[in-house]
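Student: Shown below is the structure under consideration.
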Amino acid sequence: MPEVVREALPAAFYARPVVDVARALVGCVVRHGSSAGVIVETEAYHQSEPACHAYVGLTARTATLFGPPGRAYVYRSYGIHALLNAVCEEEGNGAAVLIRALAPLEGVELMSRRRGRERVEELCSGPGKLSQALGIGLERNASSLQTGPIRIEPRLDGTPPPSLVAGPRVGITRAVELPWRFCAGESRFVSRPWPGTLRRSTRSRGS
DNA sequence: CTCGCGATCTACT
DNA sequence: GTAGATCGCGAGC
């Protein structure tokens, strides 16, 4: 059967307020090599608030953030992990969406090998995990998300927009009041469960 | 299940 | 010198 190459999201998709992009990216597909996954969790970061790397202004480290939209911003976190972001808003604005979790879609075997885990829920349920699962490293920083090795594609045909749940961002100490984390409400692949009421029994049922 | 800690590196103070 | 957009392990409940 013929392979259909899906079109990547255009740069214009990213050239709007970063929070809008963070919401719109949930349900889209990230592809790197033969591995791909559906985005189930994102966070927005903007130069106007101190949790964002771009808050300090233009430096060698943050240059990608201030560059044109539609590129990857990949940086090292806690000395170990490579975290994947999509640069947003017009050139000159420091803003990006952190991709925090995926539902594995293609190349699951390879992801599993790279992660050293079997359970699909543990392959991409965190920003450092998904980079490792897809084989994304720091060398991908500033690469195009349209024509580069990493591509982000629209939602799969026929799939409705996921129901979104917004909440505070994870793992930061400043600007914690902003509800700029967005998850697919029904997904079991998110990096951390929501506190309190939304939590459901995790006792195993087939799906 | 939750909590606490070590690993390991870069940018900035 | 230190904090950080994290992860995985082990201990304890």
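The values are calculated or read from the model by the stated rules, or taken from the named source; none is laboratory data. On a predicted model such as this, the values are computed, not experimentally measured, just so you know. Ideal geometry is used to build each Cβ from the backbone, glycine not excepted, and the neighbour counts take in all protein chains shown. Note: accessible area is taken over every heavy atom of the protein model, side chains too, but ligands, DNA and RNA are not part of it. Shrake-Rupley method; radii C 1.70, N 1.55, O 1.52, S 1.80 Å.
Student: Full-extension gain between A:Ser34 and A:Leu156, please, as 0.36 nm times their residue separation minus the C-alpha to C-alpha distance. Intermediate values should be presented prior to the final figure.
Tutor: Details: separation 122, 0.36 × 122 = 43.92 nm, distance 1.67 nm.
Gain in length upon complete extension: 42.2 nm.
Student: Another question, then. Can you give me the solvent accessible area of A:Glu89 with a 1.4 Å probe, rounded to the nearest 10 Å²?
Tutor: 20 Å²
Student: Over the alpha carbons of chain A, what is the largest minus smallest coordinate on each principal axis, giving the biggest first in Å?
Tutor: Computed over the Cα atoms, the extents are 48, 46, 35 Å.
Student: Another question, then. With a 10 Å cut-off between alpha carbons and a GNM built on chain A, which of A:Ala72, A:Ala184, A:Ala175 moves the most?
Tutor: For chain A, modelled as a Gaussian network with Cα springs under 10 Å, the answer is A:Ala175.
Student: Length gain on complete extension for the stretch A:Val170 to A:Glu109, per 0.36 nm per residue less the alpha carbon to alpha carbon distance?
Tutor: 19.1 nm
Student: Check each of the chymotrypsin sites (Phe, Trp or Tyr not before Pro) in the stretch A:35-133 and keep only those in coil by DSSP with at most 11 other C-beta atoms within 10 angstrom; list them in order.
Tutor: Working: sites: A:Tyr45, A:Tyr55, A:Phe66, A:Tyr73, A:Tyr75, A:Tyr78; in loops: A:Tyr78.
Counting only loop positions with at most 11 other Cβ atoms within 10 Å, the chymotrypsin sites (Phe, Trp or Tyr not before Pro) in the stretch A:35-133 are A:Tyr78.
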